[in-house]
1. Could you tell me the largest-minus-smallest coordinate of the C-alpha atoms of segment 1-84 on each of the three principal axes, in descending order and whole angstroms?
2. Given a cut-off of under 8 Å on Cα pairs at least six residues apart, what relative contact order in percent is computed for the chain?
3. Setting aside same-chain residues fewer than 8 positions from K23, which lysines have a Cα under 19 Å from its Cα?
4. May I ask you to work out the translational diffusion coefficient for the chain at 4 °C, viscosity 1.567 mPa s, via Stokes-Einstein with Rh from the Kirkwood sum over Cα pairs, reported in whole µm²/s?
5. Below 15 angstrom from the Cβ of S116, what's the summed charge of the other residues (Lys, Arg +1; Asp, Glu -1)?
6. Work out from phi, with θ = phi - 60° and the Karplus expression 6.51 cos²θ - 1.76 cosθ + 1.60, the ³J(HN,Hα) of each residue of segment 105-114, listed in order in whole Hz, and give x for Gly and Pro.
7. 222 nm [θ] for the chain, helices only, -39500 (n - 2.57) per DSSP H run of 4+, per residue, to 500?
8. Given R₀ = 30 Å, FRET efficiency for S116-A52 by Cβ-Cβ distance, to 0.05?
Amino acid sequence: MSGIDYTPLQQSLEAENWRKADKLTLEIILRLANREEAGSLNVESVEKLPCAELRKINELWLKHSDDLYGFTVQKRIWERVNCKTVDDEIWTDFGWCVGWCGNDRKWLPYEEIGSSVFPPIGHFPVASRGYLTLDLDTGGKVFIALMEKLEECSRANFN
């Protein structure tokens, strides 16, 4: 393991402080990818993320959200929406399914994400996009890279 202290993330999840946990998740992922200074992930950095660390983060989210949130929850939703490619319509469909888009299918600013009392299944972690903005060119590609990484990790016993 990386020596990362997961206690703050665990405590935020236990307290159901999803937005704080989301930000902590992104901080951890950026640290694992050595992208703290950049402040965002790119496809290449996602490909190098260690499976054991992704497993730890995912397990914490699953455990403390009663399986409502986590990377693997998002992966299942993504597979139902499309699975292999991304374009504006597919990315928006996924965003709508997890509550990152409003009913008008327009992307919500991060400040509005998670503001509902009962965020939809798969809503968190928003950090799965690699940063807390929403554009297709970066967010969608990073998200797909993470879904592919999860698939790779599942072949190595990632649950």
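The values are calculated or read from the model by the stated rules, or taken from the named source; none is laboratory data. Remember, it's a predicted structure, so these values are computed and weren't measured experimentally. Because the Cβ atoms are built from the backbone with ideal geometry, glycine has one as well, and the counts that use them run over all protein chains shown. The protein model used for the area step is the full one, side chains on, heavy atoms only, and it has no ligands, DNA or RNA in it. Shrake-Rupley method; radii C 1.70, N 1.55, O 1.52, S 1.80 Å.
1. The Cα atoms of segment 1-84 stretch 35, 32, 22 Å along the principal axes, largest first.
2. Numbers: 176 pairs, mean separation 42.8, N = 159.
Over the chain, the number comes to 27 percent.
3. Excluding near neighbours in sequence, the set is K56, K63.
4. Working: Rh = 15.4 Å.
Answer, rounded: 84 µm²/s.
5. Value of the local net charge: -3.
6. Going residue by residue, I get 6, 9, 5, 7, x, 3, 4, 8, 6, x Hz, with x marking Gly and Pro.
7. -14500 deg cm²/dmol
8. Working: r = 33 Å, r/R0 = 1.09.
For R0 = 30 Å, the calculated efficiency reads 0.35.
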